[in-house]
Each structure stands twice: as structure tokens, then as C-alpha cells.
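The values are calculated or read from the model by the stated rules, or taken from the named source; none is laboratory data. On a predicted model such as this, the values are computed, not experimentally measured, just so you know. Don't worry about glycine lacking a Cβ; one is built from the backbone with ideal geometry, like all the others, and counts go over all protein chains shown.
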């Protein structure tokens with residue numbers, strides 16, 4: 001987990017950074033806290049006594065170390081020096097330890113502040129890249145109101161950019177600037193934490209002004225935090241109410257990141273299997289389709305079902321057009337889904353002829369508007385499409401969640417059957433709580449009973 005926290009000076013980003021360090025440490029994780037703000041205050045917020053904090057030398061001021069590692073003295077412009085200096089030992093050798101947390105104070109020389117191509121700037125950026133991209137600890141970086149230390153390659157390794165704002169225009173302006181800079185580095189998501197919130201009006205002000213950035217929580221105005229700052233105490237110890245507010249923020253952040261990783265993982269799997277499915281030669285695809293249809297129509301559930309919810313196959317999906325026609329000829333009632341774009345859901349309609357199908361959403365064949373609406377619970381067998389399946393009945397669709405939402409409306413036991421080519425089956429795929437499982441998977445090779453088939 002790599003988190004970069006920034007915001008206008010005085011908004012409380014250091015409070016958030018320090019408490020998050022302790023909360024991740026509570027979970028037994030190794031934590032590196034990085035103070036990348038020239039006005040370094042993270043040591044005090046972590047509870048390091050003032051006299052100890054004053055002994056900390058910012059890494060930017062370790063001229064002999066920088067000269068040794070880069071081959072050039074700080075302040076030297078141009079010339080030849082190492083662009084990839086060794087930094088992997090810095091956390092253990094230079095970092096200060098407190099309660100299992102390693103603190104690194106970066107500091108910032110005048111040359112580095114100018115963005116120069118100089119030894120200290122190269123060294124600091126290399127260190128941050130090592131911490132964010134190459135380490136496996138939780139790394140929390142408390143940054144100034146900007147992200148100049150970061151390069152595109154480093155920024156892409158950050159799991160979460162958080163901008164702390166308070167109810168005020170200048171704070172919001174800083175957040176907008178950070179968002180634009182992050183976007184320039186390839187960062188798509190910037191989270192917002194509202195701090196020093198006194199009432200609902202403050203919350204509304206922040207919500208109305210941060211545009212499309214995601215709010216992950218609010219921290220109330222706290223006299224305990226002010227007192228902790230005056231006394232040089234850690235907010236983690238001195239302000240339990242604030243700690244609980246930040247714990248809630250952390251839980252929201254963790255959940256959002258899990259969802260993001262899950263979505264990314266699903267997307268990669270979906271893309272890979274779609275490519276594999278699309279590459280099946282037409283002659284082989286025809287044979288596979290016949291085998292799938294044969295196995296399906298031999299099922300007891302299929303034979304006994306008088307009302308079947310089917311789907312009209314599209315592109316490289318296992319063919320169902322012939323199956324729909326055969327069901328109609330056999331006197332079975334056939335339901336098909338139609339995308340309701342306004343409600344972003346599937347509605348179920350009954351057809352009495354294949355001719356009732358028209359090109360609909362994304363070119364998928366759908367029932368026409370005159371086909372009567374039906375309830376999914378009228379069906380006696382449900383057959384669904386998908387891109388990837390596993391043997392538990394896990395299913396990855398096309399990403400819109402239409403079928404998960406549709407199947408959540410089932411009020412009685414109806415067998416849900418998926419049709420797939422053998423190439424679409426994996427042993428296990430990532431699943432989320434809202435994902436609906438199928439009961440049977442019919443492939444050209446086998447019938448997979450997923451172990452929770454309805455009686």
C-alpha cells in the first residue's frame with residue numbers, strides 16, 4: 001500500500017498521515033512514514049519528542065552521502081553523475097524508528113526545489129521511486145501542496161493520492177491544482193478528505209466544490225488536535241475521536257482500493273479470454289456450438305422447463321439463435337433480455353417469433369418494443385451469457401453488472417445455466433460480494449455442476 005497525502009499548508013494532512021501510519025501498524029504491517037514537506041512536522045505528529053525530532057537531518061542535507069552515491073556533490077549543475085544511485089539501505093540506515101514505524105525526512109534543497117537536473121534532486125527522486133515502487137511496506141508520504149518530487153513512473157506506483165481540504169476556497173483551489181498535476185503524471189483517481197468540518201454546511205461546501213474527485217470521509221474540527229499540536233503530542237494518543245474518524249476513512253479507502261484492484265484484475269482476465277474466444281476458428285466454433293446445444297437440450301432441467309429465459313448470442317458467444325428457434329417450435333415460451341438504458345438494467349420480454357428480434361444495445365439482438373414485458377420469476381430455467389467462468393459458478397460478464405442485478409431479483413429457486421466454450425473456463429476467478437453464481441455451466445467438453453444447483 002502506497003499513499004501520497006497532500007494539501008494546502010495547515011489543512012491537517014500531517015494529522016491524517018500520522019494517524020494512518022499507526023492504524024496500518026495496528027494491523028501488524030510494516031510502515032514507512034515519509035515527510036516530504038520542507039516544513040517537516042510529521043515527526044512531532046508521530047509522537048517523537050521535540051528534542052529528538054530536532055536531531056533529524058533531512059536526507060536532502062546529507063551532502064556527503066549524496067556525493068558518495070551519485071558521484072557528484074550537491075549543488076553541482078551539469079557534469080556527470082549516477083542517475084540510479086543506491087538507495088535501498090536508506091530506510092534502515094537513516095530512518096528513525098518509533099513504535100515500529102520508520103520515519104524518513106526528505107527535506108528539500110533550493111536546487112531540488114527548482115526541479116534541476118542535479119545530484120540531490122536525482123537522489124531524492126530515486127529514493128521516492130524505490131520506496132513507492134520497489135518496497136513492500138505500507139509507505140505513507142506526507143507531501144507539500146504539490147507533487148514535484150514525483151515522476152510519472154513513481155506516481156503510477158502510488159495506490160492512492162489523497163488531498164486534504166478544509167471549508168475554504170484556497171484549500172479547494174490547491175486540491176484542483178494537485179488534481180491537474182496528478183493527471184499529468186497519469187494518475188486517474190484523486191481522493192479527498194475534508195478536515196476541520198464543524199457542521200453540515202461545511203460538508204456541503206466541500207462536496208459542492210471538489211467537482212468529480214471522490215470524497216472518502218470527513219474529520220471534524222477538534223480542540224484535542226489543537227492541544228496535541230501545542231503540546232507536541234501525537235494525535236493518535238491524544239485525540240481518540242479523531243482516530244476513529246480516520247479509522248472510518250481508512251476502511252473506506254481500503255474498500256475502494258480493493259474494488260479498484262478487483263475491477264482491474266477482472267478487466268485483464270476478461271480481455272485475455274475474449275481474445276482467446278474470438279480466435280476460435282469458425283469451423284471449430286460450429287462443432288463446439290453443436291456440442292453445447294446437445295448437452296443443454298439433454299438436461300432434465302431443459303426438457304422440463306416450459307418457460308426459458310434465453311439470450312440472443314452476439315459476436316463470438318456460443319450460438320443461441322438456433323436454440324431460440326427450436327424452443328419456439330417445441331412450444332416453449334421464450335423470454336429474452338432487453339437493455340433499459342435509462343434505468344441501466346435488463347428488462348425481460350417474451351417473443352413468439354425470432355423475427356421479433358431487432359438490433360439493440362451495442363448491436364445485440366433484442367426483443368422489439370411491442371414484445372410484452374415479463375417477470376424473471378415466471379421463468380423455469382435461466383440461461384445466461386458471460387466471458388469467463390470458474391468451477392464454483394463464478395462469472396465475469398462484460399463489466400456493466402446487468403446480469404448480477406437481474407439475478408438479484410430472483411424470488412424463487414430457478415436453475416441458472418451458463419453456456420461457454422471450454423476456453424472460457426478457469427479454475428478460479430476473482431469474485432465480489434455482489435457477483436451472482438451460476439448453477440451449471442455447459443461447455444463443448446463437459447457439464448459442470450457448480451455444487452449449489454437448485455432442487
For the stretch 248-279, which positions are crowded, with 16+ Cβ neighbours inside 10 Å and touching a helix residue (DSSP H, G or I) at 6+ places or on another chain (Cβ under 7 Å)? 250, 273, 277
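Which is touching a residue at least 12 places away in the same chain (Cβ under 8 Å) and either farther than 30 Å from residue 397 by Cα or assigned by TED's automatic domain parsing to the domain that holds residue 160 (or both), of 253, 274? It would help to see each step written out before you state the result.
Details: 274 fails: either farther than 30 Å from residue 397 by Cα or assigned by TED's automatic domain parsing to the domain that holds residue 160 (or both).
Checking each option against the conditions leaves just 253.
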Kindly check whether there is at least one residue in the stretch 352-362 that is over 24 Å from residue 402 (Cα atoms) and buried (at least 19 other Cβ atoms within 10 Å of the Cβ). no
Scan the stretch 428-443 and give yes if some residue there is touching a helix residue (DSSP H, G or I) at 6+ places or on another chain (Cβ under 6 Å), assigned to a strand (DSSP E or B), surrounded by fewer than 19 Cβ atoms within 10 Å (Cβ to Cβ) and touching a residue at least 12 places away in the same chain (Cβ under 8 Å), otherwise no. no
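Suppose we filter 300, 358 for residues that are free of Cβ contacts under 8 Å to residues at least 12 places away in the same chain, closer than 22 Å to residue 440 by Cα, out of contact with any helix residue (DSSP H, G or I) (no Cβ under 6 Å at 6 or more places or on another chain) and in the same structural domain as residue 410 (by TED's automatic domain parsing); which single one remains?
On the way: 358 fails: closer than 22 Å to residue 440 by Cα.
From the options 300, 358, the qualifying one is 300.
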Mind listing whichever residues of the stretch 317-346 are crowded, with 18+ Cβ neighbours inside 10 Å and either in a strand (DSSP E or B) or within 32 Å of the chain's Cα centre (by Cα) (or both)? 317, 318, 333, 334, 335, 336, 337, 338, 346
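Pick from the stretch 200-216 the residues that are out of contact with any strand residue (DSSP E or B) (no Cβ under 7 Å at 6 or more places or on another chain) and surrounded by 11 or more Cβ atoms within 10 Å (Cβ to Cβ): which of them is nearest to residue 173 (Cα to Cα)? It would help to see each step written out before you state the result.
So the first thing to find is which residues in the stretch 200-216 are out of contact with any strand residue (DSSP E or B) (no Cβ under 7 Å at 6 or more places or on another chain), and the list is 200-202, 204-205, 208-209, 211-212.
From the residues that got through so far, the ones that are surrounded by 11 or more Cβ atoms within 10 Å (Cβ to Cβ) too are 202, 204-205, 209.
Working: 202: 16, 204: 16, 205: 13, 209: 9 Å.
The selected residue is 209.
Out of the residues in the stretch 166-185 meeting the condition of being more than 25 Å from the chain's Cα centre (by Cα) and crowded, with 16+ Cβ neighbours inside 10 Å, tell me which one is nearest to residue 243 (Cα to Cα). Talk me through it step by step, then tell me what you get.
Kept after step one, since they are more than 25 Å from the chain's Cα centre (by Cα), are these residues of the stretch 166-185: 166-171, 173.
Going one step further and asking which of them are crowded, with 16+ Cβ neighbours inside 10 Å, we end up with 166-168, 171.
Working: 166: 18, 167: 20, 168: 23, 171: 22 Å.
Checked the stretch 166-185; the qualifying residue nearest to residue 243 (Cα to Cα) is 166.
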Out of 28, 79, 44, which single residue is surrounded by fewer than 13 Cβ atoms within 10 Å (Cβ to Cβ), at pLDDT 90 or above and in the same structural domain as residue 126 (by TED's automatic domain parsing)? 28
May I ask you to verify whether residue 181 is within 19 Å of residue 4 (Cα to Cα) and assigned by TED's automatic domain parsing to the domain that holds residue 43? yes
Mind listing just one residue for me: the one in the stretch 363-411 that is in contact with a helix residue (DSSP H, G or I) (Cβ under 6 Å, 6 or more places away or on another chain) and loosely packed, with under 14 Cβ neighbours inside 10 Å and, of those, nearest to residue 304 (Cα to Cα)? 411
Taking the residues in the stretch 32-64 that are part of a loop (DSSP other than H, G, I, E, B) and under 30 Å from the mean Cα position of the chain (by Cα) as candidates, determine which candidate is farthest from residue 7 (Cα to Cα). 46
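Here's the yes/no breakdown for (1) assigned to a helix (DSSP H, G or I); (2) crowded, with 16+ Cβ neighbours inside 10 Å; (3) touching a helix residue (DSSP H, G or I) at 6+ places or on another chain (Cβ under 9 Å); (4) at pLDDT below 95:
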| residue | (1), (2), (3), (4) |
| --- | --- |
| 142 | no, yes, yes, yes |
| 149 | no, yes, yes, yes |
| 153 | yes, no, yes, yes |
| 161 | no, yes, yes, yes |
| 187 | no, yes, yes, yes |
| 192 | no, yes, yes, no |
| 195 | no, yes, yes, no |
| 218 | no, yes, yes, no |
Flag for residue 420 being surrounded by 15 or more Cβ atoms within 10 Å (Cβ to Cβ), farther than 20 Å from residue 319 by Cα and modelled with pLDDT of 95 or more: no
Selection from the stretch 391-409 of residues farther than 13 Å from residue 343 by Cα and in a helix (DSSP H, G or I) yields 403, 404, 407
